[in-house]
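Report on one structure; see the data block that follows.
The values are calculated or read from the model by the stated rules, or taken from the named source; none is laboratory data. In this text the structure is predicted, and so the values were computed from the model without any measurement. With ideal geometry, Cβ positions are generated from the backbone for all residues, glycine too; neighbour counts draw on all protein chains shown. Surface areas here come from the heavy atoms of the whole protein model, side chains and all, with no ligands, DNA or RNA. Shrake-Rupley method; radii C 1.70, N 1.55, O 1.52, S 1.80 Å.
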Amino acid sequence: MRKLLFILTVTLFTINTKAQDTIKWLSFEEAIALNKKNPKPILIDVYTDWCGYCKKMDIETYSNKTIIKAINDNFYAVKLDGEEKKDIIYKGQTFKFQKNGRRGFHQLPATLLSGKLSYPTTTFLTETEELIQNIPGYLDKKMFEKILGYYSLDNYKTNKWKDFENNFKSNL
């Protein structure tokens, strides 16, 4: 009986540990649906398949255990391809891929980024799906940890960035 209890405990611990090994990436539609049931901020990673800095951020920033935990605990995380081909319906509007030259772009990321397509860009939305901030460019894990702390607990509502940054204590 003890052996069975021990195996069960180890198995549950392993499953729980594995759950935090990666970010729980969702589609945009999944995040919006989950947000309707249980509201929390939404983090959107706007990327493209050809973007070198997007891949670097996946490898060096999004794979860090501290970053993974901060995102999974505080946000619905979305991977949104800036060149997505399928239609996305949001707030009664259908956003489509728009051909432009050899490539093109998807209208939803273009709308979220106010037409300033830059990859990667990290976008933060409130629990009510209002845009808080777009942060273009590659973010290393040290800077990203600060940014996550700033936007995860509504610190952005009561603190100026410089004050928050100066008082921030890293867990890396």
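Some points to look at:
- When region 34-46 is filtered for residues that are open to solvent by 50 Å² or more (accessible area, probe 1.4 Å) and within 14 Å of V78 (Cβ to Cβ), only L34 remains.
- Complete set of residues in region 55-80 that are aromatic (F, W, Y), assigned to a loop (DSSP other than H, G, I, E, B) and free of Cβ contacts under 8 Å to residues at least 60 places away in the same chain: Y62
- Only a single item in (1) surrounded by fewer than 17 Cβ atoms within 10 Å (Cβ to Cβ); (2) among the polar types (S, T, N, Q); (3) within 24 Å of A33 (Cα to Cα) is not met by T122, and it is number (1).
- Matching residues, region 148-172, being assigned to a helix (DSSP H, G or I) and either open to solvent by 70 Å² or more (accessible area, probe 1.4 Å) or touching a residue at least 60 places away in the same chain (Cβ under 8 Å) (or both): L148, G149, Y151, S152, K157, T158, W161, K162, D163, N166, N167
- Taken as a whole, the structure places P136 among residues that are free of Cβ contacts under 8 Å to residues at least 40 places away in the same chain, closer than 22 Å to I23 by Cα and surrounded by 14 or more Cβ atoms within 10 Å (Cβ to Cβ).
- Filter result for K116 (among the basic types (K, R), in a loop (DSSP other than H, G, I, E, B) and under 16 Å from S27 (Cα atoms)): no
- The listed residues are E84, E127, E145, and the only one of them that is part of a helix (DSSP H, G or I) and not aliphatic (A, V, I, L, M) turns out to be E145.
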